[in-house]
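The values are calculated or read from the model by the stated rules, or taken from the named source; none is laboratory data. Only a predicted model underlies this, so the values are computations on that prediction, with no experimental measurement involved. Neighbour counts run over all protein chains shown; Cβ positions are idealised from the backbone, glycine included. Accessible surface areas use protein heavy atoms only, side chains included; no ligands, DNA or RNA. Shrake-Rupley method; radii C 1.70, N 1.55, O 1.52, S 1.80 Å.
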Amino acid sequence: MFVSHLSLVDFRSYSQVSVEFEPGVNALVGPNGQGKTNLVEALGYVATLGSHRVSGDSALVRAGTSRALIQTRIVRGERASTVELEIVPGKSNRVRLNRSSPTRARDVLGLLHVVVFAPEDLVLVKGDPDARRAFLDVLSVQLVPRFRGVLNEYDRVLRQRGALLKSAGMHRRGNAESSDLRTLDVWDAKLAHLGGAIVELRHRLVRDLTPLVEQAYEHVSSGQGPASLEYRCSLDAYLAEDVSIGASQEVPASLIEAQLLEVMSRLRGKELDRGVNLVGPHRDDVLLSIGGLPAKGYASHGESWSLALALRLASYDLLTQSEGLPGPDANEPSGWLPWGQDAEPVMVLDDVFAELDVSRREKLVERVATVKQVLITAAVAQDVPEELAGARFDVMAGEVTRVL
Ligand SMILES: Nc1ncnc2c1ncn2[C@@H]1O[C@H](COP(=O)(O)OP(=O)(O)OP(=O)(O)O)[C@@H](O)[C@H]1O
Ligand SMILES: [Mg+2]
């Protein structure tokens, strides 16, 4: 797939901009702070309904205005689709597909696949578990769009249950009877049900990514390895070793659901004392290793970079492979992808080449040379490798000008 057109109104620093992209390489060059990342961020937003830089939507709307508009044209095989997406912070987004009447924003998911490589990716390896969970969740939403709803609902349940644990815990300390405890049973069931689905999908994602990461790491790092990943489920701390979820091949949602319920009932006293949700996918992690040692805390800076690149390249490959899988089923999508053909994502390399040493740079160039469409941002033209000739745009003070 590729994006042939992008226009923005009041998105980030842009009051109004319109860009025609080409298949193949598109380089966006301009000094710091001129709006290069803002452009690619908008495309990422259409793909995932989230920004790769911020969690809320308010920073996406141009200061002093109240809504942002992203319009884009996506070409997949013989088919072109137009997406218009309106972002109004604090309200639900509105989407129009192919100029028809507005629909739920979620309906746009799956239409465009984007994989963003950015200097911040180092946190995937060196940072806290939330970065790795977000990596899996963003990928899962592109593969299984209905998952956006599951993740949002899970967040809501966590917040509600957390609040209830706090208030019920306080009652308990005052020895007062509380109907909160009965309500808690209902929230336990919700958490377990949604949590089961999330763990099942993430676990499967890690399993499918593993050989791709191994391969990509070997390619970019010239052989210090191998790299591996393992899903670390917070349930495992409370289960006997022989039923460990992290090490299992398959983890059906129903099994996780039952185990979450069982562990929550055992932990209830502790959860009430502390007023926090102690177990569930919001506490899970992915253990990344290189040569059998945990990458976090052991890997060198260069190795960490190679692994971060490998994670992104593997996502790219997994999304590409999702081509040809079963078609849409409104209620229960059975495969990874509902949109069938031409699944190869748009690759975004945001300021990445400047961060890499010569060898990693060459390896990445080799890989990028054959992708269907790549958007590269760089502060200076020399940071765009010569081998990657293609369309060139200057980005300056909110204007984007095609120069080559
Ligand atoms: N909501 C907003 N309203 C107005 N301006 C914004 C908004 N959000 C970001 N900006 C401005 O956009 C600019 C940053 O744009 P962007 O991150 O795209 O720069 P860049 O060209 O990628 O720079 P660099 O080369 O440093 O990465 C900053 O000047 C910032 O103040
Ligand atoms: Mg930038």
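Of the numbered conditions (1) open to solvent by 30 Å² or more (accessible area, probe 1.4 Å); (2) at pLDDT below 95; (3) assigned to a helix (DSSP H, G or I), GLN224 satisfies every one except a single condition; which is it?
With respect to (1) open to solvent by 30 Å² or more (accessible area, probe 1.4 Å); (2) at pLDDT below 95; (3) assigned to a helix (DSSP H, G or I), GLN224 is out only on (3).
Give all pairs with beta carbons closer than 6 Å in which a residue from the range 350-372 that is within 14 Å of SER306 (Cα to Cα) meets a residue that is modelled with pLDDT of 95 or more and open to solvent by less than 50 Å² (accessible area, probe 1.4 Å); count only pairs at least 6 apart in sequence or on separate chains.
VAL352/PHE117
Within the range 67-85, can one find any residue that is more than 25 Å from GLN341 (Cα to Cα), surrounded by fewer than 22 Cβ atoms within 10 Å (Cβ to Cβ), modelled with pLDDT of 95 or more and touching a Lys or Arg at 6+ places or on another chain (Cβ under 8 Å)?
No: zero hits.
Given the conditions (1) away from ligand 1 (no atom under 11 Å from the Cβ); (2) surrounded by 14 or more Cβ atoms within 10 Å (Cβ to Cβ); (3) more than 17 Å from the chain's Cα centre (by Cα), and given that ARG99 satisfies all but one, which numbered condition is not satisfied?
Result: ARG99 passes all but (2).
Looking at (1) open to solvent by less than 40 Å² (accessible area, probe 1.4 Å); (2) under 20 Å from SER15 (Cβ atoms), find the lone condition where SER58 falls short.
With respect to (1) open to solvent by less than 40 Å² (accessible area, probe 1.4 Å); (2) under 20 Å from SER15 (Cβ atoms), SER58 is out only on (1).
So which residues in the range 195-212 are of a type outside the set (Asp, Glu), under 22 Å from SER244 (Cβ atoms) and open to solvent by 10 Å² or more (accessible area, probe 1.4 Å), if there are any at all?
Correct list: ALA197, LEU201, ARG202, HIS203, ARG204, ARG207, THR210, PRO211.
Restricting attention to the range 102-141, which residues are closer than 27 Å to TRP305 by Cβ, open to solvent by 50 Å² or more (accessible area, probe 1.4 Å) and in contact with a helix residue (DSSP H, G or I) (Cβ under 7 Å, 6 or more places away or on another chain)?
VAL123, LYS126, VAL138
Anything in the range 231-256 that is part of a strand (DSSP E or B) and open to solvent by 70 Å² or more (accessible area, probe 1.4 Å)? List them, or say none.
So in the range 231-256, the residues part of a strand (DSSP E or B) come out as 231-232.
ARG232, the sole residue that qualifies.
Scan the range 20-38 for residues that are more than 16 Å from ligand 2 (Cβ to nearest atom) and either at pLDDT below 95 or among the hydrophobic types (A, V, I, L, M, F, W, C) (or both) and report the count.
Going through the range 20-38 one residue at a time, the tally reaches 2.
Filter the range 350-359 down to residues that are of a type in the set (D, E, K, R) and in a loop (DSSP other than H, G, I, E, B) and give me whichever is nearest to ligand 1 (Cβ to nearest atom).
ASP351
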